[in-house]
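Below you'll find the structure, written out as structure tokens, and then a few comments.
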């Protein structure tokens, strides 16, 4: 692999022992999810920041763990004014918007820190792995991509298709 090529799927990450510079204001960072369990169900993730070596474009796990909150592309709440102590749906404040399922451990995400403050970290999107987007968004069936192991009675039928097997 040439030095300027991005890492390929299956790339192993190394850990650095050097002192890392502080987070830069306004800089987005690539990170890997290490924990996606959020007892408050707010989409919070624990991530490990990736740093790129000066010797090339290979990402290194930095050992720098950060907790980042979910940043929805669309969200809102109805006004709180006019709320009363009445207990009923029509008397409560409501939220609305878009909610994404938190990604799996090992998924790369892009994170930002508002004003460089670690207490205001947000994950703003997932970074797709190379050549791993066939099932997004719909999981199309296939009738032409069969192998010699496909049973004869299934050839020509609409079959479910998954991503390629990295172990083959």
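What follows is calculated from the coordinates using simple rules that are stated; it is not laboratory data. Everything numeric in this text was worked out from a predicted model, so none of it was measured. Note that each Cβ is placed from the backbone with ideal geometry, even for glycine, and that neighbours are counted across all protein chains shown.
Take each of the peptides 147-154, 118-125, average the number of other beta-carbon atoms within 10 Å over its residues, and list them starting from the highest. Mind showing how you got there, number by number?
Numbers: 147-154: 7.4, 118-125: 16.0.
Top to bottom by mean Cβ count within 10 Å: 118-125, 147-154.
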ask   = If you stretched the chain out fully between residue 37 and residue 93, how much longer would it get, using 0.36 nm times the residue separation minus the C-alpha to C-alpha distance?
value = 17.5 nm
note = FRET efficiency for residue 67 and residue 134 from the Cβ-Cβ distance with R0 = 25 Å, rounded to 0.05, comes out at 0.20
